[in-house]
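The values are calculated or read from the model by the stated rules, or taken from the named source; none is laboratory data. Everything numeric here is computed off the predicted structure, so don't read it as measured data. Positions of Cβ are backbone-derived with ideal geometry, glycine not excepted, and every protein chain shown enters the neighbour counts. The protein model used for the area step is the full one, side chains on, heavy atoms only, and it has no ligands, DNA or RNA in it. Shrake-Rupley method; radii C 1.70, N 1.55, O 1.52, S 1.80 Å.
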Amino acid sequence: MTLEEFKAKVYTLIEEYSEEADDYTEDTDLAAKMNHVTNNVMHEVVRFKKIYDYTTINIEFSEGETEYSIDMTDIDNMIYQVETIRGVESIVIGKRVIFTTEGTAKIYYSKYPEPITEETEDSYEFELDTDALECMVLGVAGNLLMADVANDHGQMYLQRYRELLERLDSRNAQGGIYIDGGVEV
């Protein structure tokens, strides 16, 4: 989903969508807050519905050294958590990764999405899954209307957002086992 499509969903939900308006709404206050609120809610949702990535790093010790240490941001400047490292022995301590064997490190990690700022183009593609984006629509709508005391829809949207956030399925795959040759019971 693009940022443009996302904005249209939010503005349609709160009955502020306008095809004629430059920012998809005639309400300049809502338009001014939209990208910042979307970024804030997106970073909240990504803690529940992670964005996974993968990279490899060739690990070679300096002469006389028995380990190699890197900062987690050396893996990816948007890294959130290291999920697992394969191919070499390593230890993750805080924001550092210490490799204790040489070779190719296969690093699986989760990361933060690319931030949305005032300058972000409407062609921006979200990295989140559809269920997370649909949840975000309610969170953004609720946050945009939160300060509007004459409109209680903001609280309704926020309550529904919290319910959906609790029910987001963080799994991207289901585990399974295959036993070759059968099992005696």
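Using the Cβ-Cβ distance between residue 131 and residue 29 with R0 = 30 Å, the FRET efficiency computed as 1/(1 + (r/R0)^6) comes to roughly 0.55. By the helix-only formula, in which each DSSP H run with n ≥ 4 contributes -39500 (n - 2.57) and the sum is divided by residues, the chain has a 222 nm mean residue ellipticity of -10500 deg cm²/dmol.
Rounding to the nearest 20 debye, state how big the charge dipole of region 1-116 is about its Cα centre with +1 on each Lys and Arg Cβ and -1 on each Asp and Glu Cβ. Each step should come with its number before you reach the end.
On the way: 11 positive and 24 negative charges, 143 e Å.
Magnitude of the dipole: close to 680 debye.
Rounded to a whole number, what % of the accessible area of region 115-173 do carbon and sulfur atoms account for, probe 1.4 Å? Show your work: numbers first, answer last.
Working: 1690 of 3520 Å².
Exposed carbon and sulfur together represent 48 percent of the surface.
Note on residue 185 and residue 92: the extension gain reaches 29.5 nm, defined as 0.36 nm multiplied by sequence separation minus the Cα-Cα distance.
Counting only heavy atoms of protein chains, what accessible area per residue, in Å², does the chain have with a probe of 1.4 Å?
On the way: 11560 Å² over 185 residues.
Accessible area per residue, the chain: 62 Å².
Counting only protein heavy atoms, what percent of the accessible surface of region 1-79 is carbon or sulfur at a 1.4 Å probe? Roughly 39 percent of what the probe reaches on region 1-79 is carbon or sulfur. If you count Lys pairs in the chain whose Cα atoms are under 28 Å apart, skipping same-chain pairs closer than 8 places in sequence, the total is 19.
Overall shape: prolate for region 1-74, with the ratio a/c of the largest to smallest alpha carbon gyration tensor axis at 1.5 or above and a/b above b/c. By the Stokes-Einstein formula, at 1.002 mPa s and 20 °C, the chain with its Kirkwood radius over alpha-carbon pairs has D equal to 111 µm²/s.
Which whole-number percentage describes the relative contact order of region 7-100, with Cα contacts under 8 Å and a sequence gap of 6 or more? If you can, show how the numbers build up before the last one.
Values: 63 pairs, mean separation 15.9, N = 94.
Result for region 7-100 is 17 percent.
Within the shell defined by Cβ-Cβ distances under 15 Å, the residues around residue 86 carry a net charge of -3, with Lys and Arg each +1 and Asp and Glu each -1.
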